[in-house]
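All remarks here apply to the structure that follows.
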């Protein structure tokens, strides 16, 4: 479980394609990782396989993304030298500063437009049809691992309003039109949609 509050920007230092998927080595500021720990990289929950500390005091860890993960994320396109948003799994008793994030990417969105308006950076995201009913104005969404608020609804997706702090402390400030992003819908919305689906198919209204 995560909160969508990025606590580090990782640097991919090595990538290797394997028969099982893709392996990555990421430089970070974490120096107390443990084997098997969960880390969200751009919102995708991955498992720490190896870890260590560089001579300069920075940390590093390796993760592997299997074929199914590659099929619903952009990890297969991450090059060495790219930066990724990182968040360690929350502990019981931690502040839930963002919202409940599982680290399970639902699908990919596409950046349609970005515009700086005053202090806000507006970002329009085109969403897959299946995710659009799960969006509500001022509701929560996770984009590339960052907990954000839906600023407005569009016919084909949503608009985000990103504050300067988030723009500077995550990779969201690097987004341009055409970029694909990881999207995780609010888990509460997904459960409600699932519970209502049988009633909708029968035409009977739920009590």
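Since every read-out is calculated from the coordinates, none of them should be taken as a lab result. Because the structure is a prediction, the values reported are computed rather than measured. Cβ sites come from the backbone with ideal geometry, for glycine too, and all protein chains shown count toward neighbours.
Figure legend: label point modelled 7 angstrom from the Cα of residue 100 along Cα→Cβ; residues of the stretch 160-189 with amide N under 17 Å from it are 184-189. With a ≥ b ≥ c taken as the square roots of the eigenvalues of the C-alpha gyration tensor of the stretch 1-66, please select rounded if a/c is under 1.5 and otherwise prolate if a/b is larger than b/c or oblate if it is not? Oblate, since a/c reaches 1.5 and b/c is not below a/b. In terms of the mean number of neighbouring beta-carbon atoms within 10 Å, the peptides 132-138, 106-112 order highest first as 106-112, 132-138. Rounded to the nearest 10 degrees, the inclination of helix 187-202 to the longest alpha-carbon principal axis of the chain is 40 degrees.
Overall form of the stretch 84-206: oblate. Here a/c, set by the Cα gyration tensor axes a ≥ b ≥ c, is 1.5 or more, and a/b is not larger than b/c. Model label sites at residue 91 and residue 163, defined 7 Å from Cα along the beta-carbon direction, differ in position by 2.6 nm. Taking R0 as 35 Å, what FRET efficiency do you get between residue 107 and residue 14 from their Cβ-Cβ distance, rounded to the nearest 0.05? My answer for the efficiency is 0.80. On the beta carbon distance between residue 188 and residue 80, with R0 = 41 Å, the FRET formula returns roughly 0.65. Take the Cβ atoms of residue 50 and residue 174, set R0 to 30 Å, and the FRET efficiency comes out at 0.60. A helix-only calculation puts the chain at -3500 deg cm²/dmol for mean residue ellipticity at 222 nm, using -39500 (n - 2.57) for each DSSP H run of at least four residues, averaged over all residues.
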